[in-house]
Amino acid sequence: MDAEFFHLRYTRAVTLVELLRAAEGVWAQWEEVSQGVEDLEELEAARVRILGRKGSLTQLFSALRDLSPAERAEAGKILNDLKERIESSLVVKREALAKRTREGRLARERYDFSLPGKWRPLGKLHPLTQVRLEIEEIFLRLGFDVASGPETETEYYNFEALNIGPDHPARDEWDSFYLGDKVLLRTHTSPVQIRVMKERQPPVRIICPGRCYRRDNPDATHSPVFHQVELLWVEKGLTFAHLKWVIGEFVRAFFGPGYEMRFSADFFPFTEPSAQVHIRKKGTERWLEIMGAGMVHPRVLEEVGYDPKEVTGFAFGLGIERMAMLRYGIEDIRLFWQNDLRFLSQF
Ligand code: DAH
């Protein structure tokens, strides 16, 4: 029909009768091309053939100009009606196709809910990590920063700056892992005290959790790799009373009420006086050591360029494994490293 109409149009002016006949043909053509469409794409192609820029109905509209004004008005109305019919038919077909594809998809994608699911076990943080995070949280609440330092240290930071003399047993090759002449795996987190104090001016209020290494044969209470949390507070006017308050707050927050604390004299080269802190559940017999602590030795303050007559400070170091063992009643430190899920999943 397109070809026939073209022929008319370009050979001579179109008459009203011819144009109306052609319009009937357009409806027939629409019915034909839109009937078998399978999807929205095909429907669109059909629409373009009739209503597109070069579509058959569009061509009839341009042929209107060959008619006299009176005929043009009449034919124009008829063509507009035809266009509306085609457009509403298009909407109906489009809706039907959309529904069909939707239903088809639902049918194809039906799930079988009776199939067994895939079991994906949820991981957990290692108990030592949980305990570390909990300790960090307690001290963050008390206004401490979390600092860190390298696990390979020089003798200077690990010993000398902490007033640990050359004859101290920790200096011995048999007690520490040396990586070179003056470099070793840190034996405690205390060297971070020095690193932080050299970088900052008082007041300094930090904790530093981290891994430490000693040449210990593994047994129920020893491991060559272990974790500590160091604490350091340096400021004008700090006394041993502040130290006791901070540790008391920590014990209450970590172990809960119902524990008592005991301080006894100890010795560390970098603190003076030094103390060992024990706790005990009220009503029980056994005291459990939780940390070493003390007032920062004046020589340590001098070493980092602080004036011990101006500022004082206190520090402590506690073992994370020990905290976790006390908290959960774990008897053997080696359990932490065996990666046995029967153990780990309990926490
Ligand atoms: N660094 C000591 C150790 O590993 C623990 C310690 C004791 C740290 C007293 C301190 C302290 O900060 O004041 O045994």
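Just so it is clear, none of the values below were taken in a lab; they were calculated from the coordinates. Please read all numbers here as calculations on a predicted model, not as lab measurements. So basically every Cβ, Gly included, is an ideal-geometry build from the backbone, and we count neighbours across all protein chains shown.
For region 321-344 versus region 91-144, the spacing of their alpha-carbon centroids is 32 Å. The residue list A253, G76, I206 was ranked by how far each Cα lies along the charge dipole of the chain toward its positive end, using unit charges on Cβ atoms, and G76 comes out on top.
Sorted on the mean count of surrounding Cβ atoms within 10 Å across their residues, most packed first, peptides 183-193, 50-60 read 183-193, 50-60. Spacing of the modelled spin labels on R141 and V92, each 7 Å from Cα toward Cβ, amounts to 7.2 nm. The relative contact order of the chain comes to 13 percent, based on Cα pairs under 8 Å that sit 6 or more residues apart. Label separation (R299 vs S114): 8.1 nm, computed from points 7 Å beyond Cα along the C-beta direction. Name the residue farthest towards the positive end of the dipole of the chain from the options T15, M291, G237, assuming +1 on Cβ of Lys and Arg, -1 on Cβ of Asp and Glu, about the Cα centre. The Cα lying farthest towards the positive end belongs to T15. Each Cα pair under 8 Å and six or more residues apart adds its separation to the average, and for region 2-108 the resulting relative contact order is 31 percent.
Scalar couplings 3J(HN,Hα) for region 212-223, obtained by applying the Karplus form with A = 6.51, B = -1.76, C = 1.60 to θ = phi - 60°, are 9, 9, 9, 6, 10, 6, x, 8, 4, 10, 10, 8 Hz; x denotes Gly and Pro. Under 30 Å between alpha carbons, and skipping anything fewer than 8 positions from K124 in its own chain: which lysines qualify? By straight Cα distance, K124 reaches K281. Calculated FRET efficiency, E42 to K124, Cβ-Cβ distance, R0 = 56 Å: about 0.50 to the nearest 0.05.
Once the Cα-Cα distance is subtracted from the 0.36 nm per residue extended length, the T239 to Q201 segment shows a gain of 11.8 nm. Computed from label points 7 Å out along Cα-Cβ, the spacing between V17 and A253 is 10.3 nm. Anisotropy class assigned to region 220-297 is oblate, per the alpha carbon gyration tensor with a/c at or over the 1.5 cut-off and a/b no larger than b/c. Reachable lysines from K309, Cα under 16 Å, same-chain residues fewer than 8 places away excluded? Excluding near neighbours in sequence, the set is K236. Quick check for you: which residues of region 125-157 have the amide N under 19 Å from the point 7 Å beyond the Cα of L341 toward its beta carbon? The answer is 125-128. Between W119, W337, W27, the Gaussian network model of the chain with springs among Cα atoms under 10 angstrom shows the greatest mean-square fluctuation at W27.
Once you order the gyration tensor axes a ≥ b ≥ c over the Cα atoms, which shape class does region 2-108 get: rounded for a/c under 1.5, otherwise prolate or oblate by comparing a/b with b/c?
Details: a/c = 3.64, a/b = 2.50, b/c = 1.45.
Taking the square roots of the gyration eigenvalues as a ≥ b ≥ c, region 2-108 is prolate.
Rounded, prolate or oblate: which fits region 127-344 when a ≥ b ≥ c are the square roots of the eigenvalues of the alpha-carbon gyration tensor, with rounded for a/c under 1.5 and prolate only if a/b beats b/c? The shape class here is oblate.
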